[in-house]
Amino acid sequence: MSDFFITGTDTEIGKTYVTCALLRDLRRRGIRAMGCKPVACGDRTDPRAMREAVDEPSLSLDLINPFFLRAATAPLIAAEFEGVELSAQKLAEGCRPLRAQYSPVLVEGAGGWEAPLAPGQSMADLAQELNLPIILVVGNKLGAVNHAVLTVQSIRARGLTCRSIVLNHAGEEWAASELTNRRLIEEITGIPVAAELIHDQQEIDSHAVLGI
């Protein structure tokens, strides 16, 4: 059973929200899935949410999140502040213990697809190092089509596969663009929007998104 890399078109567009929804649905189906946040900056809210989603309170946060940096900024800068040397290779290695115990593991990046990770490296390099199918979370807002298309182009340029797209609508109100983004994203990228979450929606069809 393949693991997956969860990325987004931006920061704060619901990657962890989607990851946790997928974990809950997978566990409900009897699949021993787990989430992994290779690097977290600022706090450990995201790895804690993953642990809560699978209801394993005794699981070590260091296993879910092997690299924690205190500054709430891009990993590159946060690592510089603390004198820590990060790399895509180190983060991929940090995921190994968790991936040996659970399947599938949903590996969630920090920030957007090209968020700076280390000198000359971004989150995209981590995805390439792991060589996993990509689940792309897109914030459903004005500009979403442009962000989705550019990210999918970059994913493909690295020889990776975008398995599906999840469109996440965080706000309570809707604008015209938010009603039409799904159709345009699917038409232009050729990738299905496997799930479209509305504000505060907790349920997701993990089979539709992951294909397992």
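Each value in this text was obtained by applying a stated rule to the coordinates, not by laboratory testing. Being a predicted model, the structure only gives us computed values, none of them experimental. Ideal geometry is used to build each Cβ from the backbone, glycine not excepted, and the neighbour counts take in all protein chains shown.
Restricting attention to the stretch 4-210, close to 10% of DSSP beta bridges with both partner residues there are antiparallel. When the charge dipole of the stretch 4-210 is built from unit charges on Cβ atoms (+1 for Lys and Arg, -1 for Asp and Glu) and taken about the Cα centre, the candidate among Leu160, Ala115, Thr11 whose Cα reaches farthest toward its positive end is Leu160. Per-residue ellipticity at 222 nm for the chain, helices alone: DSSP H runs ≥ 4 residues times -39500 (n - 2.57), over residue total, nearest 500 deg cm²/dmol? Result for the chain, helices only: -12000 deg cm²/dmol. In the chain, a dipole from Cβ-located charges (positive for Lys and Arg, negative for Asp and Glu) runs towards its positive end, and of Ala49, Ala170, His207 it is His207 whose Cα lies farthest in that direction. Listed by chain and number, the lysines whose C-alpha is less than 27 Å from the C-alpha of Lys141, apart from same-chain residues fewer than 8 away, are Lys15, Lys37. Dimensions of the stretch 4-210 from C-alpha coordinates, computed as largest minus smallest value along each principal axis and given longest first, are 46, 39, 31 Å. Taking Cα centre as origin and charging only the Cβ of basic (Lys, Arg, +1) and acidic (Asp, Glu, -1) residues, the dipole magnitude of the stretch 6-97 rounds to 480 debye.
For the chain, a crude dipole built from +1 on the beta carbon of Lys and Arg and -1 on the beta carbon of Asp and Glu, taken about the Cα centre, is about 560 debye to the nearest 20.
Within the set of other residues whose C-beta is less than 13 Å from the C-beta of Pro192, count the net charge using Lys and Arg as +1 and Asp and Glu as -1. Here the charged neighbours net out to -1. The listed peptides 171-180, 69-78, ordered by packing as a protection proxy, come out as 69-78, 171-180 (highest mean of other Cβ atoms within 10 Å first). Here, P(r) means the percent of Cα pairs in each 5 Å bin from 0 to the largest distance; for the stretch 1-76 it is 3, 15, 25, 27, 18, 8, 3, 1. Highest GNM mean-square fluctuation among Ser103, Ser164, Ser122, for the chain modelled with Cα contacts below 10 Å: Ser103.
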